[in-house]
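The values are calculated or read from the model by the stated rules, or taken from the named source; none is laboratory data. Quick caveat: nothing in here was measured; it's all calculated off a predicted structure. Methodologically, a virtual Cβ is constructed for each residue, glycine included, from the backbone with ideal geometry; neighbour enumeration extends over all protein chains shown.
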Amino acid sequence: MSLSLVAANTVVAAGIHLPFIGTQYTALLGQGAFADDKRLQVSHTSTLADALVSIDQYAFGEDAERKNRWRLRLTERLAHDAQRVRMLGSSAIDLAWTAEGRLDACIQFGNKPWDTSAGVLIAREAGARVLDDDGSEHSQQSRSTIAVTPPLEADLMAAVQAVLAE
């Protein structure tokens, strides 16, 4: 379950409950992020070669072939450049686990605020950079949601932007 409280177009509180692992992630704007009572901090991974990166699930239905081209190209590129690529299938889990340091980055070529807003606040409060696919700060209007530990930002965003430019 993923919930957020939005005031004046800003997420101010967030919670993600993962009962299957017995963990609850929470954040308050400006107050940090937590997994149960443990304060979260993104990983300190500094090279893409050492990074564990998650890519969102593949699209289906109308226009899926076009939408999946980027995912397939990025998966191929990161399979070569990163330590490992994962597909967990949940935006909330991807973002929470990036905040916790279980992942070094997550890339979602979609931005549905009801899927991402809680995780975006949790990731940011844990020290992640959360961006759109053009490298700008992520917002509710962003096209994509990319959370990354700061030392990996330049290399990961170069890979994302190279794939989008193809």
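Would you mind telling me which numbered condition in (1) in a helix (DSSP H, G or I); (2) touching a residue at least 24 places away in the same chain (Cβ under 8 Å) Gly89 fails?
(1)
I'd like to know if segment 124-136 contains one or more residues that are among the polar types (S, T, N, Q) and either under 20 Å from Thr26 (Cβ atoms) or buried (at least 22 other Cβ atoms within 10 Å of the Cβ) (or both). Steps first, please.
We begin by selecting, within segment 124-136, every residue among the polar types (S, T, N, Q); these are 136.
Now narrow it down to the ones that are either under 20 Å from Thr26 (Cβ atoms) or buried (at least 22 other Cβ atoms within 10 Å of the Cβ) (or both): none.
No, segment 124-136 contains no residue that is among the polar types (S, T, N, Q) and either under 20 Å from Thr26 (Cβ atoms) or buried (at least 22 other Cβ atoms within 10 Å of the Cβ) (or both).
Take Ala123 and tell me if it is out of contact with any Ser or Thr (no Cβ under 8 Å at 6 or more places or on another chain) and in a helix (DSSP H, G or I).
Working: out of contact with any Ser or Thr (no Cβ under 8 Å at 6 or more places or on another chain): no; in a helix (DSSP H, G or I): yes.
Considered against the rule, which asks whether it is out of contact with any Ser or Thr (no Cβ under 8 Å at 6 or more places or on another chain) and in a helix (DSSP H, G or I), Ala123 comes out as no.
Only residues that are of a type in the set (Gly, Ala, Ser), farther than 15 Å from Ser90 by Cα and at pLDDT 95 or above: list them for segment 8-21, please. If you could, list the steps in order and put the result at the bottom.
Of segment 8-21, the ones of a type in the set (Gly, Ala, Ser) are 8, 13-15.
Retained after the next criterion (residues that are farther than 15 Å from Ser90 by Cα): 8, 13-14.
Within segment 8-21, Ala13, Ala14 qualify.
Outside any helix (DSSP H, G or I) and of a type in the set (D, E, K, R): which single residue out of Asp115, Asp133, Asp94 fits that description? Let's see the steps before the verdict.
Values: Asp115 fails: outside any helix (DSSP H, G or I); Asp94 fails: outside any helix (DSSP H, G or I).
Unique residue meeting the criteria: Asp133.
Looking only at segment 130-158, how many residues end up being of a type in the set (Gly, Ala, Ser) and either closer than 14 Å to Asp115 by Cβ or under 12 Å from the mean Cα position of the chain (by Cα) (or both)?
Pass one, segment 130-158, residues of a type in the set (Gly, Ala, Ser): 135-136, 139, 142, 144, 147, 154, 158.
Still in the list and also either closer than 14 Å to Asp115 by Cβ or under 12 Å from the mean Cα position of the chain (by Cα) (or both): 142, 144, 147.
Result for segment 130-158: 3.
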